[in-house]
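Trainee: Below is a structure I'd like to ask you about.
The values are calculated or read from the model by the stated rules, or taken from the named source; none is laboratory data. Just so you know, these numbers come straight off a predicted model, no measurement behind them. No Cβ is skipped: glycine too gets one built from the backbone with ideal geometry, and neighbour counts run over all protein chains shown.
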Amino acid sequence: MGKQQQSLFQTDAPAWEIDDDAEACVATVVFSEAPYGPYDYAVPDRLRAAVSPGRRVRVPLGRGDRTMLGYCVKLEHRSTGGRPLKDVCGIVDDRPLLTPQMLRLTEWMADYYLCPWGVVLDAVVPAGVRGQAGTRAVTLLRVPTNVAARLSQLELPPKQLLALKILAASPQPLTPQQLARAARCTLAPIARLRALELVAEESRRVHKDDLEDLPQAREPRHDLNADQQRALDRMLQALNSGRHQTLLIHGVTGSGKTEVYIRAIEEMIAFGRQAIVLVPEISLTPQTCQRFRARFDRVAVLHSHLSDAERHWHWLRIAGGEVQVVVGARSAVFAPTPHLGMIVLDEEHDGSFKQDTAPRYHARDVALWRARAENVPLVLGSATPALDSWQRAQAGEFELLEMPRRVLDRPLPDVTVVDLRVAAKGYYHGGAISRQLLQAMHRALKEDGQIILLLNRRGYATTIQCPGCGHVVRCPDCDIALTHHREQNRALCHYCDYTIAAPTICPNCGSAGIRYAGLGTQKLEQEVRTRFPHAPCLRMDSDSMQRPGSHEQALARFRAGEIKILLGTQMIAKGLDFPNVTLVGVINADTALHFPDFRAAERTFQLVTQVAGRTGRGDKGGLVLVQTFSPEHPAIQAAARHDFAAFAQQELPVRAEFHYPPVAAMIRLIVRGTAEMAAEHFAEHAVAKLREAAAATGAEVRILGPAPAPIAKLRGWFRFHALLQDPDRDRLREVVRKATAELKPPEEIQWVVDVDPLDLL
């Protein structure tokens, strides 16, 4: 129950004025900024019909009664406990933004992710919806019943009478402009009718544009193989059971998982239900949307590259039940589907499903809660499942469905590991592309195949260093070396976007021999264009794909065969289906392998396996070359064999030994401040509070730290972190909740709690 708002901001009424049995209509309100609440307000009679859970309201707050905007999360008739409550001032929304079901979901998120409820609500309801983007307020006119009954008796000038008769005959309210056009008159007669109160007025917001989907050519249905049919049959059983089940589809790359999703959704929408399909990368959204629009009439898209007006429009269509399938990135899990029938997470292992700002939710866990609450199946699909999901499947919490064969029984591509350590022996020509990969690229192009090259590091040179004094040019606000971007001839920080002109002399000693070292996608592109001048080449990374629609255009050109060599970062590594790709080259598989993160091996395995799966999907077969300085690493070896089970069997005991997820739950506490010593001192204080809370509850919580974060300085903030581990997830959260309840940092200090962290940098 919310706090009694008056107890914070007003003195108690005298005892003789208190009526303990007084009942009122009470709205519980939370705010998206401090003080977060919840607080209780009385709903005056004039607003009883308008105030409801899920709408935003205006309320007075504090001794000065400043007006605040908050979310009504509960409405009930109950005793006020003898305390007078302040009144709700007004409402903001003409309809609830959240259903009762979605309110319960956000309440769970606030509790689970240790985040204020109002912050969660702001994250769930898009800004475009809150601001009613793409709409405008209009005045609508109608004829009241009492006026319509005596219409023939009214003595009015001809134009006014005609306008009134047209309005009375209209099946829906009209704007003054619409009525004037229908009556072929100016606005003056309409204004006179309004002055005489012969018409009733209401204000309503309407959408300015009707954004229709482009027509899409229908895609033919393909026969399913035995693995696909078996998975589909089990999904249909889950759909028809009328209860929640979580199915984990472990299908190799190219096994036809998307076709199985589509067949199940076809069955589901025949009964008037809706589906939510989540994909991790915006680059995957156009292709996924294209496939679904080729099979379904009404598809909505939700992702961060939409304008506020577009997002608002899709939101309204979804909420109105007009949409069969919602396709989108992480936030699409909150799509307001009134008739939800199924949720699908494609590439469920992907780290993009984790939000890195408050509320730091994971779309998979939110989807699981929502699917359970709405009693619908949740389908998780991946060739490289997250170890967390795999462990839950092994424990029987999820049902595992295997799809070990590609469609048409096409073989998985051969994978060759290229040992970059033999460079000194003459097998490596210098540059990013090894001799083996260079020869394979020539063969692929000669046979009219296409090539994908993966390098998960953008820019030109990753280090700018003086060979004389050893000085490395670094970001002044981050503990990060600047990356040289040759196209702009700038040195850029990839964390805070700090930029300077690329230096020609050492800023430390003045030497002119400054050296640009390391390898990024821009440098790789230059090498490819030099070695293959007649082969059209395209780079896909966050630098080259900034314009709206650039992803769609790039992939369309590659699909059409205009581009022969596609190179880029991880956005090209997963989910894409191009039958003419016959060669994939992983330029440096070690990019993330040696990060100070316990998931480094898992991410490397997933990335190599996923990008390897982009080839061999057509009749020409495929080949993968993985360049690495760590050819014996278990993650590299398992990826070369396409053997997820072997990787999991090797990795999980290591996790267990060090109490890492999925064996134990983890929470990360990050403390940051503008002064290093102050931040360190507060981090030590916070960890001491955590240890006290753990001791008070009798929990044997493992607390590591505080220590400087791997990136010790970020965007001008000095950072310290601590990791908390415990097999009992609920107990771990309770310890953190108790310890942080009274944690009051100085003004220059901030602290962040990340439940189930994916990024430890």
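Trainee: Kindly indicate which of Ala683, Ala656, Ala694 is buried (at least 18 other Cβ atoms within 10 Å of the Cβ), of a type in the set (Gly, Ala, Ser), modelled with pLDDT under 95 and not in a loop (DSSP other than H, G, I, E, B).
Mentor: On the way: Ala683 fails: modelled with pLDDT under 95; Ala656 fails: buried (at least 18 other Cβ atoms within 10 Å of the Cβ).
One residue alone meets the criteria, Ala694.
Conditions tested, residue by residue: (1) in contact with a Pro (Cβ under 7 Å, 6 or more places away or on another chain); (2) assigned by TED's automatic domain parsing to the domain that holds Pro385; (3) charged (D, E, K, R).
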| site | (1), (2), (3) |
| --- | --- |
| Thr628 | no, no, no |
| Glu632 | no, no, yes |
| Ala638 | no, no, no |
| Val687 | yes, no, no |
| Glu692 | no, no, yes |
| Trp717 | no, no, no |
| Thr740 | no, no, no |
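Trainee: Having 1 or more residues that are among the basic types (Lys, Arg) and under 17 Å from Val125 (Cα atoms) is the bar; report the strands (runs of 3 or more DSSP E) wholly within the stretch 37-95 that clear it. So that I can check it myself, show each step before the final result.
Mentor: Values: elements: 39-42, 56-61, 66-79.
It comes to 56-61.
Trainee: Does the stretch 216-225 contain at least one residue that is at pLDDT 90 or above and either touching a helix residue (DSSP H, G or I) at 6+ places or on another chain (Cβ under 8 Å) or not assigned by TED's automatic domain parsing to the domain that holds Arg293 (or both)? Working first, answer last.
Mentor: Going residue by residue through the stretch 216-225, those that are at pLDDT 90 or above are 224-225.
If we keep only those that are either touching a helix residue (DSSP H, G or I) at 6+ places or on another chain (Cβ under 8 Å) or not assigned by TED's automatic domain parsing to the domain that holds Arg293 (or both) too, we end up with 224-225.
There is at least one residue in the stretch 216-225 that is at pLDDT 90 or above and either touching a helix residue (DSSP H, G or I) at 6+ places or on another chain (Cβ under 8 Å) or not assigned by TED's automatic domain parsing to the domain that holds Arg293 (or both).
Trainee: One residue is enough: does the stretch 617-637 have a residue meeting the conditions buried (at least 23 other Cβ atoms within 10 Å of the Cβ), among the small types (Gly, Ala, Ser) and not in a loop (DSSP other than H, G, I, E, B)?
Mentor: Checked the stretch 617-637: at least one residue is buried (at least 23 other Cβ atoms within 10 Å of the Cβ), among the small types (Gly, Ala, Ser) and not in a loop (DSSP other than H, G, I, E, B).
Trainee: Also, quick follow-up: So, Leu538, is that one in the same structural domain as Lys446 (by TED's automatic domain parsing), within 27 Å of Gly449 (Cβ to Cβ), crowded, with 18+ Cβ neighbours inside 10 Å and over 27 Å from the mean Cα position of the chain (by Cα) or not? Reasoning before the result, please.
Mentor: Numbers: in the same structural domain as Lys446 (by TED's automatic domain parsing): yes; within 27 Å of Gly449 (Cβ to Cβ): yes; crowded, with 18+ Cβ neighbours inside 10 Å: yes; over 27 Å from the mean Cα position of the chain (by Cα): no.
So Leu538 does not fit the description; no.
Trainee: Here are some residues: Val124, Val143. Which one is β-branched (Val, Ile, Thr) and more than 30 Å from Val29 (Cα to Cα)?
Mentor: Values: Val124 fails: more than 30 Å from Val29 (Cα to Cα).
Exactly one residue qualifies, and that residue is Val143.
Trainee: Using the structure shown, decide if Val366 is at pLDDT 95 or above, crowded, with 24+ Cβ neighbours inside 10 Å and in a helix (DSSP H, G or I). First the steps, then the outcome.
Mentor: Numbers: at pLDDT 95 or above: yes; crowded, with 24+ Cβ neighbours inside 10 Å: yes; in a helix (DSSP H, G or I): yes.
The answer is yes for Val366.
Trainee: Before we move on, is Gly128 within 19 Å of the chain's Cα centre (by Cα), crowded, with 20+ Cβ neighbours inside 10 Å and of a type outside the set (A, V, I, L, M, F, W, C)? Lay out the reasoning, then the answer.
Mentor: Details: within 19 Å of the chain's Cα centre (by Cα): yes; crowded, with 20+ Cβ neighbours inside 10 Å: yes; of a type outside the set (A, V, I, L, M, F, W, C): yes.
So Gly128 fits the description; yes.
Trainee: Please list, ordered by residue number, the helices (runs of 4 or more DSSP H) wholly in the stretch 99-167 having 3 or more residues that are under 30 Å from Ile667 (Cβ atoms) and modelled with pLDDT of 90 or more. Outline the logic, then answer.
Mentor: On the way: elements: 100-112, 117-124, 127-130, 145-149.
Filter on the stretch 99-167 gives 100-112, 117-124.
Trainee: Does Glu562 satisfy being of a type outside the set (Lys, Arg), in contact with a helix residue (DSSP H, G or I) (Cβ under 9 Å, 6 or more places away or on another chain), surrounded by fewer than 20 Cβ atoms within 10 Å (Cβ to Cβ) and part of a loop (DSSP other than H, G, I, E, B)?
Mentor: Numbers: of a type outside the set (Lys, Arg): yes; in contact with a helix residue (DSSP H, G or I) (Cβ under 9 Å, 6 or more places away or on another chain): yes; surrounded by fewer than 20 Cβ atoms within 10 Å (Cβ to Cβ): yes; part of a loop (DSSP other than H, G, I, E, B): yes.
So Glu562 passes the test.
Trainee: In the stretch 85-98, which residues are within 25 Å of the chain's Cα centre (by Cα) and farther than 17 Å from His312 by Cβ?
Mentor: Answer for the stretch 85-98, where residues must be within 25 Å of the chain's Cα centre (by Cα) and farther than 17 Å from His312 by Cβ: there is none.
Trainee: Six or more apart or on different chains, Cβ under 7 Å: which pairs go from a residue in the stretch 370-384 that's outside the structural domain of Arg614 (by TED's automatic domain parsing) and surrounded by 21 or more Cβ atoms within 10 Å (Cβ to Cβ) to one that's among the small types (Gly, Ala, Ser) and part of a strand (DSSP E or B)? Could you list them?
Mentor: Val376/Gly341; Gly381/Gly251; Ala383/Gly251
Trainee: Now a separate question. Considering only the stretch 53-80, how many residues are over 18 Å from Gly37 (Cα atoms) and of a type outside the set (Lys, Arg)? Quick ask: steps written out before the conclusion?
Mentor: Residues of the stretch 53-80 over 18 Å from Gly37 (Cα atoms): 77-79.
Subsequent filtering for residues that are of a type outside the set (Lys, Arg) retains 77, 79.
So the count comes out to 2.
Trainee: Could you grab me the full set of residues in the stretch 449-493 that are on the phi > 0 side of the Ramachandran plot and touching a residue at least 60 places away in the same chain (Cβ under 8 Å)?
Mentor: Step one: filter the stretch 449-493 for residues on the phi > 0 side of the Ramachandran plot, giving 459, 470, 489.
Scanning the stretch 449-493 gives a single hit, Gly459.
Trainee: Still on this structure, please answer the following. Identify the residue in the stretch 565-585 that is hydrophobic (A, V, I, L, M, F, W, C) and in a strand (DSSP E or B) and, among all such residues, is farthest from Ser307 (Cα to Cα).
Mentor: Of the stretch 565-585, the ones hydrophobic (A, V, I, L, M, F, W, C) are 565-567, 571-573, 576, 578, 581, 583-584.
With in a strand (DSSP E or B) added as a condition, the list becomes 565-567, 581, 583-584.
Numbers: Ile565: 32, Leu566: 28, Leu567: 28, Val581: 34, Leu583: 37, Val584: 35 Å.
Among those that are hydrophobic (A, V, I, L, M, F, W, C) and in a strand (DSSP E or B), it is Leu583.
Trainee: In addition: Quick check on the stretch 725-744. Is at least one of its residues in a strand (DSSP E or B) and over 28 Å from Asp497 (Cβ atoms)?
Mentor: Within the stretch 725-744, the first condition is being in a strand (DSSP E or B), and the residues that meet it are 725-726.
Those still in the list that are over 28 Å from Asp497 (Cβ atoms) too: 725-726.
Yes - at least one qualifying residue is present in the stretch 725-744.
Trainee: On to the next question. Since Ser434 meets every condition but one in (1) in contact (Cβ under 8 Å) with a residue 60 or more places away in the chain; (2) touching a Pro at 6+ places or on another chain (Cβ under 7 Å); (3) not assigned by TED's automatic domain parsing to the domain that holds Leu340, which condition does it not meet?
Mentor: (2)
Trainee: Please verify whether the stretch 660-677 includes one or more residues that are part of a loop (DSSP other than H, G, I, E, B), aromatic (Phe, Trp, Tyr) and surrounded by 15 or more Cβ atoms within 10 Å (Cβ to Cβ). Full working, then the answer.
Mentor: Residues of the stretch 660-677 part of a loop (DSSP other than H, G, I, E, B): 660-664, 674-675.
Of the ones still in play, those that are also aromatic (Phe, Trp, Tyr) are 660.
Then keep just the ones that are surrounded by 15 or more Cβ atoms within 10 Å (Cβ to Cβ); that gives 660.
The answer is yes, given that some residue of the stretch 660-677 is part of a loop (DSSP other than H, G, I, E, B), aromatic (Phe, Trp, Tyr) and surrounded by 15 or more Cβ atoms within 10 Å (Cβ to Cβ).
Trainee: Another question, if that's okay. If we keep just the residues of the stretch 517-543 that are at pLDDT 85 or above and in a strand (DSSP E or B), which is farthest from Pro710 (Cα to Cα)?
Mentor: It comes out as Cys537.
Trainee: Would it be correct to say that Leu121 is in contact (Cβ under 8 Å) with a residue 24 or more places away in the chain and under 24 Å from Glu310 (Cα atoms)? Spell out the reasoning first.
Mentor: Numbers: in contact (Cβ under 8 Å) with a residue 24 or more places away in the chain: yes; under 24 Å from Glu310 (Cα atoms): yes.
Criteria met by Leu121.
Trainee: Residues of the stretch 35-51 being surrounded by fewer than 17 Cβ atoms within 10 Å (Cβ to Cβ), in contact (Cβ under 8 Å) with a residue 40 or more places away in the chain and farther than 10 Å from Val88 by Cα, which ones?
Mentor: Tyr36, Ala50
Trainee: Can you tell me which residues in the stretch 483-512 are surrounded by 18 or more Cβ atoms within 10 Å (Cβ to Cβ) and touching a His at 6+ places or on another chain (Cβ under 7 Å)?
Mentor: Looking only at the stretch 483-512, we keep the residues that are surrounded by 18 or more Cβ atoms within 10 Å (Cβ to Cβ), and these are 483-485, 491-494, 498, 502, 506.
Selection gives Thr483, Ala491, Leu492, Ala502, Cys506.
Trainee: So, Asp590, is that one more than 18 Å from Thr521 (Cβ to Cβ), surrounded by fewer than 23 Cβ atoms within 10 Å (Cβ to Cβ) and touching a residue at least 24 places away in the same chain (Cβ under 8 Å) or not?
Mentor: Numbers: more than 18 Å from Thr521 (Cβ to Cβ): no; surrounded by fewer than 23 Cβ atoms within 10 Å (Cβ to Cβ): yes; touching a residue at least 24 places away in the same chain (Cβ under 8 Å): yes.
For Asp590, the condition - more than 18 Å from Thr521 (Cβ to Cβ), surrounded by fewer than 23 Cβ atoms within 10 Å (Cβ to Cβ) and touching a residue at least 24 places away in the same chain (Cβ under 8 Å) - is not met.
Trainee: Of the conditions (1) over 23 Å from the mean Cα position of the chain (by Cα); (2) modelled with pLDDT of 95 or more, Leu247 clears all except one; give me its number.
Mentor: (1)
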